[in-house]
Amino acid sequence: MSSTTIQTAPVVSEGAWALAWRRFKSDRVGVWSAVTVILSLALVLTTLVGSLASDWEKEVAVSNAPPSWAKQDMQGADGAADVQPVVLYEPSPSDVVDPIAAQWELAQKAVKPAGEKVNALATHLPMGADKWGRDVLAKTIKGAETSILVGLAAALMATVLGAALGAVSGWYGGVVDDLSNWLYNVFHSIPGILLILAIAAVLNTKGTMAVVLILGTTGWTGTYRLMRGEYLKHRNREYVRAADAIGASNNRRMFVHILPNVSHVILVQFSLLTVSCIKAEVILSFLGFGVPVDGVSWGTMLTEAQNDLLVGKWWQLLSATVAMSIFVTALSLLTDSLRDALDPKVIH
């Protein structure tokens, strides 16, 4: 009786990133949050290339025109829009040298060819207008470009800086750890707003890049403290010792073996820093260190809305707040889902 040998294919276990991707796809909230964040980033890219909201500075409506869905009764008795004509020039008696010639010239200016239409300012817009007659919806879309780019860039800079310093400090210890802790204590001992203003005064520049540098160089301390603790905890665990036994280098153990197991901490810090940087941009713009006067962001819109609320004009505040809330909430939920997917201790 002959025996047959059944050969089976070797079982290949999934890697950490493949497991995380499979866990993330099963989270519906995380997937929808990712879609919202991707659409927001696509909107920012569209405004960057000038395909959308490029004419946000134009005066397209009357001052403080209300939203279409909450417009006031601005109709005349005959049902037509009560739009007053705009007088561009009206000569005063002291300016008139020849009354007959002046009246003739003024009459010639007033004559319009047959069929030509006058571009009257709108009395209402989808999200209303500000006191200069600019479309609030276009301002909100254009402001998303500045606020999201500032928030993401500054948070990315602070997260990378804090994670790198924390990883090196926690892994090597000794003199490197002492120097890193000294630098952390210097930055952490100064109140945040004072440190931001001090760096802003030293840079002596304004604009988006200045805001990113200010927030990026002041927001890394929390990430550093958490990452240092994680690397102190993981550097003596069994899987790291096993990697050392097979000859893995320090960099490979730090960034290939340990980093995937602590990436959920980095993601949470990135989400929190993004929200904090968007809020800090509001403060810097209000104090004059943020977005220049010829630019727009959610922060400058909220600053303008303070004066608008005094006269009962609330739609600019609503538009900027809703846009900021949608993006911040989606980013926070996406970060929570990624944290759960990447954390090996979470049971799915």
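The values are calculated or read from the model by the stated rules, or taken from the named source; none is laboratory data. For clarity, every value in this text was computed on a predicted model and none was experimentally measured. Don't worry about glycine lacking a Cβ; one is built from the backbone with ideal geometry, like all the others, and counts go over all protein chains shown.
Before we move on, is L183 touching a Gly at 6+ places or on another chain (Cβ under 9 Å) and either over 30 Å from G288 (Cβ atoms) or modelled with pLDDT of 90 or more (or both)?
Details: touching a Gly at 6+ places or on another chain (Cβ under 9 Å): no; either over 30 Å from G288 (Cβ atoms) or modelled with pLDDT of 90 or more (or both): yes.
No.
Given L149, L179, which one is surrounded by fewer than 21 Cβ atoms within 10 Å (Cβ to Cβ) and within 19 Å of V275 (Cα to Cα)?
Answer to the selection: L149.
Step by step: first the residues of the stretch 327-339, then only those that are out of contact with any Gly (no Cβ under 8 Å at 6 or more places or on another chain) and surrounded by 15 or more Cβ atoms within 10 Å (Cβ to Cβ), then the one that is modelled with the lowest pLDDT. Which residue is that?
Checking each candidate, the answer is R339.
In contact with a Leu (Cβ under 9 Å, 6 or more places away or on another chain) and loosely packed, with under 15 Cβ neighbours inside 10 Å, is that true of L309?
Values: in contact with a Leu (Cβ under 9 Å, 6 or more places away or on another chain): yes; loosely packed, with under 15 Cβ neighbours inside 10 Å: yes.
So L309 fits the description; yes.
Given the condition at positive phi and assigned to a loop (DSSP other than H, G, I, E, B), answer yes or no: does some residue in the stretch 22-38 qualify? I'd like the intermediate steps shown before the answer.
To start, the set of residues in the stretch 22-38 that are at positive phi comprises none.
Checking the stretch 22-38: not a single residue is at positive phi and assigned to a loop (DSSP other than H, G, I, E, B).
Test Q269 against the criterion of being within 22 Å of I196 (Cα to Cα) and either of a type outside the set (F, W, Y) or free of Cβ contacts under 8 Å to residues at least 60 places away in the same chain (or both), and give yes or no.
Criteria met by Q269.
Do you know which residues across the stretch 187-233 are polar (S, T, N, Q) and either part of a loop (DSSP other than H, G, I, E, B) or free of Cβ contacts under 8 Å to residues at least 40 places away in the same chain (or both)?
Within the stretch 187-233, S189, N204, T205 qualify.
Out of (1) without any contact (Cβ under 8 Å) to a residue 60 or more places away in the chain; (2) assigned to a loop (DSSP other than H, G, I, E, B); (3) within 15 Å of the chain's Cα centre (by Cα), what's the single condition that is false for V296?
V296 satisfies all of (1) without any contact (Cβ under 8 Å) to a residue 60 or more places away in the chain; (2) assigned to a loop (DSSP other than H, G, I, E, B); (3) within 15 Å of the chain's Cα centre (by Cα) except (1).
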